[in-house]
Amino acid sequence: MGRIRILSDEVANKIAAGEVVERPASVVKELLENSLDAGATRVRVEVDGGGRRLIRVADDGGGMLRDDAMLAFERHATSKLKDAKDLLSIATLGFRGEALPSIASVSRLRMETRSAEEATGTLVEVSGGKMLRCDETALAPGTAVTVRDLFFNVPARKKFLRSDQTELAHIASHVTHYALAYPERDFELWGGSRALLEVTRVATLEERVYQVFGGEVLAGLIDLEAQEKTLTFSAPKAPPWSRPIENTEAGEDKVERTYRLRGFVSRPQVQKLNRNSIYLFVNRRLIRDRLLLHALSAAYQNLLPAHCFPFALLFLECDCEEVDVNVHPSKTEVRFRHQTFVHDFTRDVVREALLRTRPVSSLPMPAGREASAPPATVHARPASPPQQAATLPYSEFTQQLEEYTLRAGANEPEGSLRLEAVSTEALPEFTLQPTRPAPPRLDFSGPPISIERHVPPEAPRSRLPAPDSHGALPPELLAEPSPTLDALADLRPLGQLHNSFIIAAGRDGLWIVDQHVAHERILFERILRERANGHTQVQRLLTPLLIDLSPAQYAEYERIAGELAAMGFESGPFGPRTIAVHGAPAGIAASDIEKLLNEILETSERELRGLSMDEVNRAIAASLACRAAIKINMPLDQTKMVWLLSELARTQCPMSCPHGRPIAFRYSTRDILRGFQRI
């Protein structure tokens, strides 16, 4: 008797379920996608026991006819495809027809559905892949699928599930993703009797982000503003039998495809310790894609520290023929037809948005005071008649006023403050203009300090925040534009703190600038410009410096020798694993050359293997800038501080040093006044 046999439908369905139904969140994802494909405007998800005991997904979509409801539980039964050509342009979230039969084979499933074309609905019950009943019943249009006792007949799969809280977190993540992708629809997620997410339909993605994450997160995001780019390429003409009779020539056609990218990304000061805050969608399909993740990392290169990640919400839209979604059973992995174009387009859009906005980091607010709270009214009774406003630099004032509210004048000159009366007595309006007297030299010197980078861990989130599921954005989020680092050009240095940080006054508040990383950013961009123009400055050594390398370091040296030469290192082999250095980039001390080369080769060996030469080039430039930059615990006179701030203002990315550390913090005038309870 032969050894090959055909598997029964029961075994085949369980195998398919192993591919499609990994955990309760997989069930929610498949049912949620079916609801969205059915045109539902409202979706409600109920979960109990982390999805083990109960999963119920109800919608008000198109529903199914009785015959379709029965046929839907057959393997590969779908309304989304007709023939193989449809696989080349899939426009729906689901298409394989595996979800319902796979789920039904490992659970006790009940489906209630009604199409608007029929007067009554259909109730179908399936247990372990066997249909138990199919009856008519009175239902409203739409579909509700209830899944109980998941993996009751596959105990080996059930024992690998995590805790209820972990499984619920995965479910919440999926529902959150699709709530973000479809802001024009209502979503509800209930865990037992507790509402985890309730959002109503809104007009814009910005409002949906506020509903899900809150105003504090939204205030720290940068809008990509829907960028487009068209790709033109040559493609073989259609076969003769599919071409019009008047066009029978063979050859190639010029094809144009338009790609659109929209969404939000975080400012460089927002640093996550994992990728859980990166939301990627292609044609509004939730995906996990290494290509887009790498493009996002490349956009933040030299703006974020190593092993830190941004918050990102990216929506890539393209022709359905440009992306293959049929490469994985869970449909979360895709393959792009033009991968290099998609990668570079995504990277450039995000990078340009960061360079355009030049966001600034703000110092934490004092305890108990909300940064996003609207300005409060000051109730103060003067002990003496109002005095003339003091003419202090940058609109400082000491006048006490009765029942006045301090607010930024919308139409006032830059740097001015406007006081508006809220009492019944009309008082004349006046404006405080900044003056620029000769700045005093302040002594902030002190003992040397040790500065180390520290990334605080993220606090675990027990539930999804839902600050407001109705209405538009609150007025306080739209009242003022986000501050940018363009204000660096007007800073006036006051002195140094511990000979390491420059304290400067600006039109919009007080600034603290890290002198080392500020100079590091200046040198980094200068080195890259000189490298691009071919005018790298080199200092020759009187005698060659011989450096012994390990086998791994020598292999890396041979790989990046060209980039080292372009950066100003004149070197060559001098023995089996020895190199002779005849020249080094200007500004590098002779005692630091060997340490710097070892650092570059070790970094290249550990982190940059397999990356492009451009990325290696930027890493070398970052190491050079770090070695040559002004150090901490170094006194600077007024002229040097003015020069440093002026040069920093001219850089493209004054937000972060090449290694991702923030350069400057701003304590706004509003925050200062609020801290002193002036407003």
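Residues that are at pLDDT below 95 and either assigned to a loop (DSSP other than H, G, I, E, B) or buried (at least 20 other Cβ atoms within 10 Å of the Cβ) (or both) within segment 184-196 comprise Gly191, Gly192, Ser193, Leu196, listed in sequence order.
Within segment 541-550, can one find any residue that is part of a helix (DSSP H, G or I), crowded, with 19+ Cβ neighbours inside 10 Å and either of a type in the set (A, V, I, L, M, F, W, C) or on the phi < 0 side of the Ramachandran plot (or both)?
Narrowing segment 541-550 to residues part of a helix (DSSP H, G or I): none.
Within segment 541-550 (the criterion being part of a helix (DSSP H, G or I), crowded, with 19+ Cβ neighbours inside 10 Å and either of a type in the set (A, V, I, L, M, F, W, C) or on the phi < 0 side of the Ramachandran plot (or both)), the answer is no, since none of the residues qualifies.
Could you tell me whether any residue of segment 343-361 is in a loop (DSSP other than H, G, I, E, B), loosely packed, with under 15 Cβ neighbours inside 10 Å, of a type in the set (Lys, Arg) and on the phi < 0 side of the Ramachandran plot?
No, there is no match, as no residue in segment 343-361 is in a loop (DSSP other than H, G, I, E, B), loosely packed, with under 15 Cβ neighbours inside 10 Å, of a type in the set (Lys, Arg) and on the phi < 0 side of the Ramachandran plot.
Within segment 649-667, is even one residue part of a helix (DSSP H, G or I), at pLDDT 90 or above and surrounded by 22 or more Cβ atoms within 10 Å (Cβ to Cβ)? Taking every residue of segment 649-667 in turn, none turns out to be part of a helix (DSSP H, G or I), at pLDDT 90 or above and surrounded by 22 or more Cβ atoms within 10 Å (Cβ to Cβ). The residues in segment 167-181 that are out of contact with any Pro (no Cβ under 9 Å at 6 or more places or on another chain) and closer than 12 Å to Arg52 by Cα can be counted, and the count is 0. Of the residues making up segment 45-66, those that are in a strand (DSSP E or B) and surrounded by fewer than 20 Cβ atoms within 10 Å (Cβ to Cβ) are Glu46, Asp48, Leu54, Arg56. Filtering segment 301-313 to residues that are free of Cβ contacts under 8 Å to residues at least 60 places away in the same chain and either touching a Pro at 6+ places or on another chain (Cβ under 6 Å) or closer than 19 Å to Arg260 by Cα (or both) leaves only Ala312.
The values are calculated or read from the model by the stated rules, or taken from the named source; none is laboratory data. Source: prediction; values computed, not measured. Positions of Cβ are backbone-derived with ideal geometry, glycine not excepted, and every protein chain shown enters the neighbour counts.
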